[in-house]
Every structure is written in C-alpha cells, then in structure tokens.
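**Student:** Can you read through this structure? Questions will come right after.
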Amino acid sequence: MIEMLVHLLVIAGLIASALLVYWFRDLLAATLAAGIFSFLISVEFYILQAPDVAISQAAIGAGLTTAIFIVAIRATTRYEGDGS
C-alpha cells in the first residue's frame, strides 16, 4: 500500500515537472524543472530496484545535463523569444 502511494506521488511529480518544462518561458526555470524531472525518474528507478540505473540517471540526467544546459543558457538569451 505504501509502495503504491510512493509510486503515485513520484508519477504526479513527474507529470507536474513535465508540465512546468512545457509552460515556462524562462529557459533557466525550464532547465531546472527538467532537472527535477530527471531526478524523479532516478527516484523511480531506485524504487523499482534498479539502483545502478538510478545512479546513472541521477549523475548524467539530473546533474551533468542540467549543468550543460545552464552553461549554454548563460551564453544566450535567458527568455524564450528574446531578440526576434
């Protein structure tokens, strides 16, 4: 019963963060929401008893990819649609 509740909470968080990525006009905020999405995916992998995949997802998906996107956003405009 508790496991089902945890799965539902993680899935609700995944849906919420995916919607935030879609709706944010601020690219930095969208990148952070995508990082949260990646972290929640790694939590779900851990719950599903795949700790090796969870560690890889947390390190690459939530950590490295988010950092690369933030560096790329610093080199461009922060808000979608600026400069057109």
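The values are calculated or read from the model by the stated rules, or taken from the named source; none is laboratory data. In this text the structure is predicted, and so the values were computed from the model without any measurement. In this analysis, Cβ positions are derived from the backbone assuming ideal geometry, glycine residues included, and neighbour counts consider all displayed protein chains. Accessible surface areas use protein heavy atoms only, side chains included; no ligands, DNA or RNA. Shrake-Rupley method; radii C 1.70, N 1.55, O 1.52, S 1.80 Å.
**Student:** Only residues in segment 44-71 that are aromatic (Phe, Trp, Tyr) count as the first member; pair them with residues that are in a helix (DSSP H, G or I), Cβ under 8 angstrom, at least 6 apart or cross-chain, and list the lot.
**Tutor:** As it stands, the answer is Phe45/Pro51; Phe45/Val53; Phe45/Ala54; Phe45/Gln57; Tyr46/Ala54; Phe69/Thr31; Phe69/Ala34, since those pairs meet every condition given.
**Student:** Could you check segment 15-79 for helices (runs of 4 or more DSSP H) lying wholly inside it with 3 or more residues that are within 27 Å of Ile2 (Cα to Cα), open to solvent by less than 70 Å² (accessible area, probe 1.4 Å) and at pLDDT 95 or above?
**Tutor:** Those helices (runs of 4 or more DSSP H) span 27-47.
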